[in-house]
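Some notes on the structure that comes next.
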Amino acid sequence: MTNKVDFAHVAVVGAGTMGSGIAQVAAQSGRQVTVLDVDADRVARGIGATAAFLDGSVTRGKIDTAERDAILGRIKGVTDVGDLAGADLVIEAATENQAIKRSILAEVAEVVGEAAVIVTNTSALSVTDLATAVTNPTRFAGLHFFNPAQLMRVVEIVAALQTDEAVVDRLAGLVASFGKDPVVVKDRPGFLVNHLLMPYLNDVVREYDDGLASADDIDTALKLGLGYKLGPLELLDLIGLDVHDHATTCAYEATQDPCYASPPLLRQMVAAGFLGNKNGRGFRVGEAGSR
Ligand code: NAD
């Protein structure tokens with residue numbers, strides 16, 4: 001009996017930060033990959049980012065040039081959604097905007113066969129809502145990679161209310177074939193990791209604002225006391241204060257659970273232009289640090 005590769009042809013919609021990484025991961029597993037973006041320039045930038053990452057792997061001796069060329073040779077860039085017709089799996093990794101995603105998903109569902117599985121890499125939108133954009137939503141789920149997709153080992157498989165259990169099982173097999181660890185989670189704001197992370201970060205900001213301890217001491221204590229790699233305030237600087245504020249506000253709007261309400265200090269900092277590492281002003285970086 002031959003071992004047929006499941007999802008032999010993967011399509012990735014969106015060749016940005018996540019799409020280019022996900023395309024690489026799928027191509028590294030030996031699959032044919034088609035990457036779609038809105039124009040040739042963005043497609044080329046995405047594949048260029050994948051090539052640059054692979055060049056780094058060659059420099060570090062992780063792969064040789066023949067392997068790099070073989071991986072890149074399995075990735076094809078396109079700008080016409082009709083070119084996704086033969087895909088067994090479509091991974092939507094386009095801009096985080098509900099209207100854009102719904103329109104892509106509806107279009108893709110018409111182009112690929114009824115048997116093709118369609119997933120979204122959304123971080124904050126409801127997978128159950130997005131599933132309603134697709135014909136036959138039992139074949140739809142969330143497949144949430146972390147950034148950078150090439151390196152982060154965990155991938156959340158988000159089962160919407162409509163998702164068929166067999167689809168979840170096949171996606172778990174796919175993630176394992178990428179050399180990553182699948183976790184299956186219900187469709188809750190933030191799924192699993194961010195669902196639990198957001199209240200923690202919000203609590204820390206509230207306690208810091210109440211004067212519990214300095215920013216440095218809060219990070220040192222939680223880092224060393226719990227064995228975390230990063231303290232919560234430096235993690236917020238890394239994530240981006242605006243990004244966290246947006247995600248937790250979306251979760252609050254969806255649940256009305258006060259643990260997701262964005263802390264007043266965080267909202268003030270975002271309004272004042274303190275965005276974290278990306279502009280050098282945050283809790284642990286720049287002039288606001290340790291105040
Ligand atoms: P990005 O802005 O880097 O890339 C998005 C790409 O989608 C762009 O190249 C854009 O041109 C393309 N696009 C927009 N409309 C399109 C269309 N109609 N057809 C084809 N392509 C289209 O964004 P990103 O950071 O890669 O995020 C993509 C998705 O992944 C989002 O849903 C985001 O929430 C999620 N996500 C992001 C991260 C992260 O840390 N960046 C982590 C996990 C999940």
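The values are calculated or read from the model by the stated rules, or taken from the named source; none is laboratory data. Please read all numbers here as calculations on a predicted model, not as lab measurements. Ideal geometry is used to build each Cβ from the backbone, glycine not excepted, and the neighbour counts take in all protein chains shown. When the accessible area is computed, the model is the full protein with side chains, heavy atoms only, and any ligands, DNA or RNA have been set aside. Shrake-Rupley method; radii C 1.70, N 1.55, O 1.52, S 1.80 Å.
Hey, can you tell me all the residues within the range 59-80 that are open to solvent by 40 Å² or more (accessible area, probe 1.4 Å) and either touching a Cys at 6+ places or on another chain (Cβ under 6 Å) or part of a helix (DSSP H, G or I) (or both)?
Narrowing the range 59-80 to residues open to solvent by 40 Å² or more (accessible area, probe 1.4 Å): 59-62, 64-70, 72-74, 76, 79-80.
Within the range 59-80, Thr59, Thr65, Ala66, Glu67, Arg68, Asp69, Ala70, Leu72, Gly73 meet the criteria.
Give the range 145-169 a look and list any residue that's of a type in the set (Gly, Ala, Ser) and crowded, with 18+ Cβ neighbours inside 10 Å, or say none. Before the answer, list the steps.
Applying the first criterion (of a type in the set (Gly, Ala, Ser)) to the range 145-169 yields 149, 159-160, 166.
Within the range 145-169, Ala149, Ala159, Ala160 meet the criteria.
With within 12 Å of the ligand (Cβ to nearest atom) and in the same structural domain as Arg153 (by the TED database) as the only criterion, which of Ile71, Ile63, Ile22 stands out?
Values: Ile71 fails: within 12 Å of the ligand (Cβ to nearest atom); Ile63 fails: within 12 Å of the ligand (Cβ to nearest atom).
Just one listed residue meets the conditions, Ile22.
For the range 30-58, which residues satisfy the criterion of being among the small types (Gly, Ala, Ser), away from the ligand (no atom under 16 Å from the Cβ) and open to solvent by 40 Å² or more (accessible area, probe 1.4 Å)?
Passing the criteria: only Gly30.
For the range 81-129, name all the residues that are within 20 Å of Val243 (Cβ to Cβ), part of a helix (DSSP H, G or I), near the ligand (Cβ under 10 Å from one of its atoms) and open to solvent by less than 30 Å² (accessible area, probe 1.4 Å).
Result: Lys101, single match.
Just to confirm my filter: which helices (runs of 4 or more DSSP H) fall fully inside the range 145-255 and include at least 3 residues that are in contact (Cβ under 8 Å) with a residue 24 or more places away in the chain and under 21 Å from Leu89 (Cβ atoms)?
Numbers: elements: 165-177, 193-209, 215-226, 232-239, 241-255.
Qualifying helices (runs of 4 or more DSSP H): 165-177.
Looking only at the range 258-287, count every residue that is in a loop (DSSP other than H, G, I, E, B), open to solvent by 40 Å² or more (accessible area, probe 1.4 Å) and touching a residue at least 24 places away in the same chain (Cβ under 8 Å) and tell me the total. Before you say what the answer is, go through the steps one by one.
Residues of the range 258-287 in a loop (DSSP other than H, G, I, E, B): 261-263, 272-275, 280, 282-287.
Checking the rest, the ones that are also open to solvent by 40 Å² or more (accessible area, probe 1.4 Å) come to 272, 275, 284-287.
Pick out the ones that are also touching a residue at least 24 places away in the same chain (Cβ under 8 Å) and you get 275, 284-285.
Counting residues in the range 258-287 that are in a loop (DSSP other than H, G, I, E, B), open to solvent by 40 Å² or more (accessible area, probe 1.4 Å) and touching a residue at least 24 places away in the same chain (Cβ under 8 Å) gives 3.
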